[in-house]
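Structure, as structure tokens:
A short reminder: the numbers here are calculations on the coordinates, not readings from a lab. Source: prediction; values computed, not measured. Because the Cβ atoms are built from the backbone with ideal geometry, glycine has one as well, and the counts that use them run over all protein chains shown.
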Amino acid sequence: MADVLTICAGCRATDKPARGAELAERLRAVIGPETEVRVSDCMNVCSQPITVSIRATGKAAYLFAGVDPDTQADELIALAQLYAKAEGGIIDDARPLGQLRFCLLGRIPG
């Protein structure tokens, strides 16, 4: 199974339309084949849109919330690249993720 990056398509700020599906399309155009980009109707972190997860069989999974589709697309690309290379999904140095590392809600063991 490839790595899977999932973006909540239902997340929206109260005064803005949902942007998760648009973000997913942008990422699909640039993320390599080792990472599948999917959308989900709801990831149940509605208070902090946009929610993003990354996971794969046998690897740790990560959940991020409060991701800004306008400023953090490149950081999500960096996440996919780091995760693809990370043994067991463990990213030891999150600094290349920029501000995205501060959006992390948790890591779930693989």
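If we restrict to alpha carbons, what Rg and Dmax does the chain come to, in Å?
Spelled out, the Cα radius of gyration and Dmax of the chain are 12.7, 40 Å.
Taking the Cα-to-Cβ direction at A78 and at R12 and moving 7 Å from each Cα, how far apart do the two end points lie in nm?
If labels sit at A78 and R12, their model points lie 3.1 nm apart.
Only sites in a loop by DSSP and with at most 15 other Cβ atoms within 10 Å count here; which GluC sites (Glu not before Pro) in the range 6-86 make the cut?
E34
With each label point set 7 Å from Cα along the Cα-Cβ vector, what nm distance links R107 and V4?
About 2.1 nm, to one decimal.
Measuring from label point to label point, each 7 Å out along Cα→Cβ, what is the C46 to D68 span in nm?
Result for the modelled spin labels: 2.5 nm.
Tell me, for the chain, which Cys residues have no other cysteine's C-beta sitting closer than 4.7 Å.
If one checks each Cβ against the other cysteines of the chain, C42, C46, C103 turn up with nothing under 4.7 Å.
Taking 0.36 nm per residue of sequence separation and subtracting the Cα-Cα distance, how much length would be gained by fully extending the chain between T57 and D92, in nm to one decimal?
Details: separation 35, 0.36 × 35 = 12.60 nm, distance 1.89 nm.
Once the chain is fully extended between T57 and D92, it gains 10.7 nm.
How would you classify the range 71-110 from its alpha-carbon gyration tensor, with a ≥ b ≥ c the square roots of the eigenvalues: rounded for a/c under 1.5, else prolate if a/b is greater than b/c, otherwise oblate?
Working: a/c = 2.02, a/b = 1.37, b/c = 1.47.
Because a/c hits 1.5 or more and a/b fails to exceed b/c, the range 71-110 counts as oblate.
For the charge dipole of the chain, defined by +1 on Lys and Arg C-beta atoms and -1 on Asp and Glu C-beta atoms about the Cα centroid, which residue among Q72, T57, A29 has the Cα displaced farthest towards the positive pole?
Selected residue: T57.
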